[in-house]
Amino acid sequence: DVQPQAVDIGELEPVGEEIQLENPYRLAGGEQYELAQTVGASGYNSNCARCHGLEAISGGIAPDLRLLEDGEFGDEWYMERVLNGYTQNGAYKMPPFAEILSQEAMWAIRSYTETRPRDDI
């Protein structure tokens with residue numbers, strides 16, 4: 001299914017209404033970060049893998065998300081792109097997910113991609 005899919009955030013702690021600028025699950029660490037990675041794997045596979053590649057390894061259609069900068073700068077760029085999508089010459093290359101995914105789901109996906117192995121990059 002190429003339609004964006006909702007993500008079951010399960011037991012993830014809510015992060016509030018205000019958009020966070022840095023991954024709150026990474027900052028919390030421990031069980032929440034581990035849970036976010038698991039939730040994020042499912043969310044990634046349902047919404048991102050078709051373009052960004054299985055297991056976050058790009059096949060060339062879209063950027064390899066493992067290459068995003070670590071930390072706050074990479075988090076801000078990621079959230080901007082996921083919320084608003086990306087257009088080129090008036091056509092969406094990536095749809096906006098602001099009305100589809102919760103902030104918790106977006107950060108869970110980031111938690112998954114930022115912990116994928118980078119050995120083969």
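The values are calculated or read from the model by the stated rules, or taken from the named source; none is laboratory data. Just so it is clear, the model here is predicted, and its values are computed rather than measured. Neighbour counts are summed over all protein chains in view; Cβ atoms, including those assigned to glycine, are modelled from backbone coordinates with ideal geometry. For the accessible areas, the whole protein counts, side chains as well, though only heavy atoms, and no ligand, DNA or RNA atoms are used. Shrake-Rupley method; radii C 1.70, N 1.55, O 1.52, S 1.80 Å.
Quick notes on this one:
- Debye log10 I(q)/I(0) for the stretch 7-121, one point scatterer per Cα, at q = 0.21 Å⁻¹: -1.23
- In terms of its Cα atoms, the stretch 49-114 spans 30, 27, 20 Å along the principal axes, sorted from long to short.
- For a modelled paramagnetic label at Ala28, 7 Å from Cα along Cα-to-Cβ, the residues of the stretch 94-116 in reach, with backbone nitrogen under 15 Å, are 102-112.
- Backbone geometry of the stretch 93-102 corresponds, through the Karplus equation with coefficients 6.51, -1.76 and 1.60 at θ = phi - 60°, to 3J(HN,Hα) couplings of 8, 9, x, x, 10, 4, 9, 10, 9, 6 Hz, x marking Gly and Pro.
- Label sites at Asn45 and Asn84, each approximated as a point 7 angstrom past Cα along Cα to Cβ, lie 3.2 nm apart.
- Order of exposure, largest accessible area first, which applies to Ile19, Ile9, Ile121, Ile109 with probe 1.4 Å: Ile121, Ile19, Ile9, Ile109
- Placed amide H near Tyr86: partners under 5 Å, 5+ positions off or other chain: Lys93, Met94
- Length added when fully stretched, Tyr92-Glu55, from 0.36 nm per residue minus Cα-Cα: 11.0 nm
- Taking every alpha-carbon pair under 8 Å whose residues sit at least 6 apart, the chain reaches a relative contact order of 36 percent.
- Largest-first ellipsoid semi-axes for the stretch 1-73, taking √(5λ) over the Cα gyration tensor eigenvalues, angstrom: 22, 16, 12
- Net length gained if the chain between Glu13 and Trp77 were fully extended (0.36 nm per residue, minus Cα distance): 20.8 nm
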